[in-house]
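The values are calculated or read from the model by the stated rules, or taken from the named source; none is laboratory data. Predicted model only: the values in this text are computed from it and were never measured. A quick note on method: Cβ atoms are made from the backbone with ideal geometry, for glycine too, and the neighbour counts reach across all protein chains shown.
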């Protein structure tokens, strides 16, 4: 996919492919970097890291759980994020592990300094805690 996009001399072409076995569908993101759009929809765990300074709206979706480290990556990759939608039915693995951990250490707080709206849509209750 990346080799077919040779006309972008000042941009890197990024591609990301996901397969959702529950629905038996594939999903492909192809974009140039730096990414100048203000929306990034259907972002999954397979997200390629980078700095997306123009993006203000992100919609997260996956059939695999979003762990705490993933949300840390999102806060760093999208420093000007205003609107975040999370859609995921799967419980967090790390959260379940922590419940059985005796040292009672909390996960570090993740900050989204510009966040105006958090929309939790079709989620497991782990994401609301």
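Things to note:
- Number of positions in segment 60-87 that are part of a strand (DSSP E or B) and either at pLDDT 95 or above or surrounded by fewer than 14 Cβ atoms within 10 Å (Cβ to Cβ) (or both): 6
- Among the residues here, residue 57 does not qualify as over 24 Å from residue 86 (Cβ atoms) and either surrounded by fewer than 16 Cβ atoms within 10 Å (Cβ to Cβ) or at pLDDT 80 or above (or both).
- Given (1) farther than 23 Å from residue 21 by Cα; (2) at pLDDT 95 or above; (3) in contact with a helix residue (DSSP H, G or I) (Cβ under 6 Å, 6 or more places away or on another chain), index of the condition residue 107 fails: (2)
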